[in-house]
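Colleague: Below is one structure. I have some questions about it.
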Amino acid sequence: MIENAFAGIVLTAQSFNPSIFTESWLTNNKIISPGSFVGVRVFAPEVAQFQTQEAQVLVIPPQMQVAFSIHGVSGECNLQRGIITHTVELLPHTPYRALGLNFDYFVEPAGQDFNTYNRRLLGTGDYQLVQEFSQPDAKFGRYFSKDHGEGRLRLDIKPVKGGPSNKDLLQFSFNFHYEVVRIDQSKRAQKLIELISAWDSLRKYAEQLLELGSTIKS
């Protein structure tokens, strides 16, 4: 039922310096292998944007973001995660503020009409507003949030259009958010690397919740 899936790591700071992220700096420090860059890339004082076959990277003063596909990809994606962890190791004194580990799954109901599936999954219950959306073309979503470990898990479920045929899909967006601003700045880099090391276990937990949240009880 999974049509596509992506992961993202978002690192926010009081201020990044995108001008550091030149092609030579990235390769000399073994963050990106020489010859791995593909497509158009931008290295400027206010923005660094580049991609490899494995990941897309954006650095602007408020944040650094790495996005990559996990659809049909097994393992811990060490290469993609390493872009963030190596950067933190090289720039430990950057005033980091927060870390987000994100997973987005796009689900297509197998052999079912999307609206029927969507209503049975999310459009029932005694919430009065549901009764106002009784027409066949209505679509439904849900938002969930709870503390999880040292951070906060937010799950947003919503219907979207996607794919080459612009078909109806249900998007499950997981955000594991960690604040580090209250940690002593000398210890933030170490803490961020520790949190990123839990990426694979968080992915497995997200996929457990995905299976639970996308399955209609018979």
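Colleague: Which entries in K146/K187; K191/K217; K30/K158; K30/K191; K167/K204 show an alpha-carbon gap greater than 31 Å?
Modeller: K191/K217; K30/K158
Colleague: Turning to a different aspect of this structure: What is the log10 of I(q)/I(0) for region 2-214, computed with the Debye formula using one identical point scatterer on each Cα and no solvent, at q = 0.08, 0.09, 0.12, 0.17 Å⁻¹?
Modeller: -0.34, -0.43, -0.72, -1.17
Colleague: Using helices alone, I'd like the mean residue ellipticity at 222 nm for the chain: each DSSP H run of four-plus residues gives -39500 (n - 2.57), total over residue count, nearest 500.
Modeller: Rounded to the nearest 500, the figure is -8000 deg cm²/dmol.
Colleague: Compute the helix-to-body angle for 78-90: its Cα long axis versus the longest principal axis of the chain, expressed 0 to 90° and rounded to tens.
Modeller: That works out to roughly 40 degrees.
Colleague: Under the definition of Cα pairs under 8 Å and six or more residues apart, what whole-number percent is the relative contact order of the chain?
Modeller: 22 percent
Colleague: To continue, here is another question. Output the 0 to 90 degree angle, nearest 10, between the alpha-carbon long axis of helix 185-196 and the longest principal axis computed from the alpha carbons of the chain.
Modeller: Once rounded, one gets 50 degrees.
Colleague: So if I place +1 on the C-beta of Lys and Arg and -1 on the C-beta of Asp and Glu, and nothing else carries charge, what would the dipole magnitude of region 61-218 be about its Cα centre? I want it in debye, nearest 20.
Modeller: 200 debye
Colleague: Also: For a protection proxy built on the mean count of beta-carbon atoms within 10 angstrom, sort 191-202, 134-145, 161-172 highest first, please.
Modeller: 191-202, 161-172, 134-145
Colleague: What is the set of long-range amide H partners of I70 at a cut-off below 5 Å, with H atoms built 1.01 Å from backbone N?
Modeller: A5, F6, A7
Colleague: Starting at the first residue of region 113-124, write each ³J(HN,Hα) from the Karplus equation 6.51 cos²θ - 1.76 cosθ + 1.60 with θ = phi - 60°, in whole Hz, x for Gly and Pro.
Modeller: After applying 6.51 cos²θ - 1.76 cosθ + 1.60, I find 5, 4, 5, 5, 4, 4, 5, 5, 7, 10, x, 10 Hz.
Just so you know, all these numbers are worked out from the coordinates, no wet-lab data involved. The structure displayed is predicted, hence computed values, not measured ones. Note: ideal-geometry Cβ built from the backbone for every residue, glycine included; neighbour counts use all protein chains shown.
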